[in-house]
1. Suppose all protein chains stay in the model; what accessible area per residue would a 1.4 Å probe give for the chain, in Å²?
2. Could I have the simple spin-label model distance between SER143 and VAL284, label points 7 Å from Cα toward Cβ, reported in nm to one decimal?
3. Please give the Cα centre distance for the stretch 568-614 versus the stretch 480-555, rounded to the nearest Å.
4. Assigning unit charges at the beta carbon (Lys, Arg +1; Asp, Glu -1) and nothing else, what dipole magnitude in debye, to the nearest 20, does the stretch 330-409 show about its Cα centre?
5. Can you tell me the dipole magnitude for the chain around its Cα centre, using point charges on the Cβ only (Lys, Arg +1; Asp, Glu -1), in Debye to the nearest 20?
6. Which semi-axis lengths, in whole Å and largest first, follow from the square roots of five times the eigenvalues of the Cα gyration tensor of the stretch 132-181?
7. Using only the Cα atoms of the stretch 87-181, what do you get for the radius of gyration and for Dmax, in Å?
8. Considering the dipole of the chain built from charges on the beta carbon (Lys and Arg +1, Asp and Glu -1) around the Cα centre, which of VAL284, ILE83, PHE318 is farthest to its positive end?
Amino acid sequence: MANEVPSGSSPAAPRAAGAGDRAPLVGWAVPVTATLCALVVAVPVASFSGAAAPLALGDAGPLVRWGLPIVGTVHDLAASFTIGLLLVAAFLAREGTTTRRRETAAQMAFLSAVVWLVSATVVLYLTLGELAGISPSSSGYLSELIGNAWSLELLRLHLGVVLLVVPVVALTAYVRSRAALGWTFVLALLALVPLAFAGHSAGAIGHRTAVAALTLHLVGLTVWVGGLMAIAALLPVLGPALADTVRRFSTVATWCYVLIAVSGVLFATVTVGSLKNLATPYGVLLLVKVALLVVLGVAGYAQRSTVVARGVDSARRFGRVAAGEIVLMAAAVALGVVLGRTPTPVPEPVELTPVLDLTGWPLPEPFTWSRLVLTWRTDWLFALLAVTAIGLYVAGFVRLRRRGDRWPVHKLYLWVLGWVVFMWLTSGGPGVYGRVMFSMHAAAHMGLMTVVPVLLVPASAITLALRALPSRQDRTLGPRELLLALTQSRWAALFASPVVAALLLLGSLAIFYGTPLLAWALTTHVGRVLMVAQFSIVGYLFVWAFVGTDPGPRMWSAPVRSMVLGATLAGQAFLALAVMRTDSLLASEFYTTIEVPWVSDLQADQQFGGMVALGTGYLPVVALLLMVVLGVYTRAGRQAEPGRHG
């Protein structure tokens with residue numbers, strides 16, 4: 001390996017690429033060995049569980065029955081290896097002026113992504129045979145696949161994976177900068193999401209809980225497995241950077257393990273149901289997978305407390321420890337693939353009502369104001385997000401206090417209160433009744449867009465994170481560096497301007513309620529998730545543009561911000577009145593189909609929803625206006641501090 005010179009210093013000799021800087025052939029032994037071990041586990045386990053058993057009716061043949069679990073195993077490991085290499089290249093491993101670690105990782109990620117793409121295409125090809133009960137060798141099979149790839153939901157999901165992996169292949173072939181590889185890492189993670197909808201969660205009771213749990217489980221397991229495989233494969237080129245890389249990955253792995261554990265419990269409650277079902281083939285495989293993950297957790301903890309804590313002084317020693325973990329991880333991946341194809345012991349609901357069919361939830365009790373306050377159905381994706389956000393803020397608060405720094409307690413209270421309101425809007429009465437009543441739907445979304453951000457933005461979470469997180473001195477991208485890059489980017493300057501933020505807020509409302517997006521959000525899980533995310537982010541940007549105190553673009557003058565807020569109030573009033581006065585019913589097909597008994601007049605409920613939206617949006621904007629005016633009197637004090645106002 002060429003001698004390493006820290007990036008940014010002058011090298012003593014011209015840059016030279018040694019043999020260790022090229023994609024090492026020995027590195028490919030890691031994913032190949034892991035794949036072989038996984039297949040050794042997948043084949044007999046599939047035979048035991050019935051995942052590859054012939055169907056009494058509509059059997060597509062052994063090629064489909066055995067091809068799907070085998071190719072699926074290759075697919076998952078290729079996805080893991082690709083994502084792990086991108087993680088190491090973009091965020092974990094440092095680069096010197098005489099090293100090519102990032103380029104080596106990108107080269108390997110390109111080849112791994114090609115395998116990922118090919119295996120995803122094969123899974124798509126074989127899935128039609130399973131759905132239609134026809135052999136891939138039958139006449140007209142390819143034309144049937146092309147004709148139904150978008151119309152059949154399961155095929156559409158697998159096609160989505162293929163379409164998302166294609167740009168991953170292209171990017172890994174050409175990009176080499178940290179930022180570009182970081183964005184490629186994010187895109188690769190997004191390619192995992194359709195798989196959550198293609199699993200058992202697509203047809204299980206508690207569909208939304210299962211989808212959320214499986215999404216988190218896939219992300220956690222893929223990053224954990226792939227990251228360790230990538231470090232092991234890159235051992236010949238990491239050299240002096242190995243210790244820092246392993247130490248940073250150890251933190252990532254800990255978060256992944258927690259994510260796997262929590263999501264696994266949630267998913268098991270949906271797919272297993274009761275303890276007696278653990279005696280079924282599905283339950284037995286689940287217990288074996290849990291045992292493997294427990295062993296891996298213990299091994300990871302031992303490695304973190306010994307190898308990582310004392311420093312990685314030998315690549316060979318680390319390689320031996322990692323090899324055993326990778327074998328167990330490969331077995332866990334294989335079990336996961338087979339589990340996804342094994343019939344679950346929980347039966348489908350006997351009576352499928354229109355409300356349950358379209359929303360994924362049973363019809364709640366008749367609406368009353370007390371039930372609006374007290375009703376609760378946990379939306380685990382958003383609940384976990386809120387709990388994590390509160391936990392991270394508390395951790396930063398405690399870290400500052402322990403080192404003697406001060407942080408206002410009232411900001412902590414605002415942050416906690418904001419996320420509690422977020423959970424109530426998504427899991428409480430507004431979230432429950434908002435699925436079947438337009439008025440409560442409008443109240444929940446205006447609350448997410450205006451009320452929650454008014455509580456969160458003054459908590460100055462970005463400033464707290466920048467003060468609590470350690471900075472990296474080797475020019476790699478850690479959490480603090482990513483936050484700084486985000487707040488100082490041209491995109492932040494654009495979206496944090498009051499005019500753009502106001503246009504985004506008003507435009508989001510107009511487009512959402514004036515197009516079929518409303519019906520899409522009401523009837524699909526992905527639509528609801530994207531809707532909540534979009535309204536929350538747009539609302540946060542809007543409030544941040546007017547009263548944010550975190551580092552970022554310079555704040556506009558108070559008079560200009562006041563005028564923009566006044567125009568926003570007028571725009572909100574216009575949109576609310578348009579909803580109240582229109583003769584057409586929004587999402588009419590959805591609301592007439594579910595036939596909620598206590599909503600006898602849909603038009604009246606829509607008009608009431610317009611009134612609720614007007615009030616819910618009006619009061620927080622007025623509060624913002626008061627905050628802007630009051631901020632004039634303390635502006636001199638804020639200008640003395642570093643940040644947006646300095």
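1. On the way: 28850 Å² over 646 residues.
Per-residue value: 45 Å².
2. 4.5
3. 24
4. Details: 8 positive and 6 negative charges, 175 e Å.
Using Cβ point charges on Lys, Arg, Asp and Glu, the stretch 330-409 gives about 840 debye.
5. On the way: 42 positive and 27 negative charges, 554 e Å.
About 2660 debye.
6. Numbers: eigenvalues 218, 28, 11 Å².
In descending order, the three semi-axes are 33, 12, 7 Å.
7. 18.0, 57
8. So the residue we want is PHE318.
The values are calculated or read from the model by the stated rules, or taken from the named source; none is laboratory data. None of these values were measured; they are calculated from a predicted model. Here the Cβ is made from the backbone with ideal geometry for all residues, glycine too, and neighbour counts use every protein chain on show. Areas reflect the complete protein model, heavy atoms only, side chains present, ligands, DNA and RNA absent. Shrake-Rupley method; radii C 1.70, N 1.55, O 1.52, S 1.80 Å.
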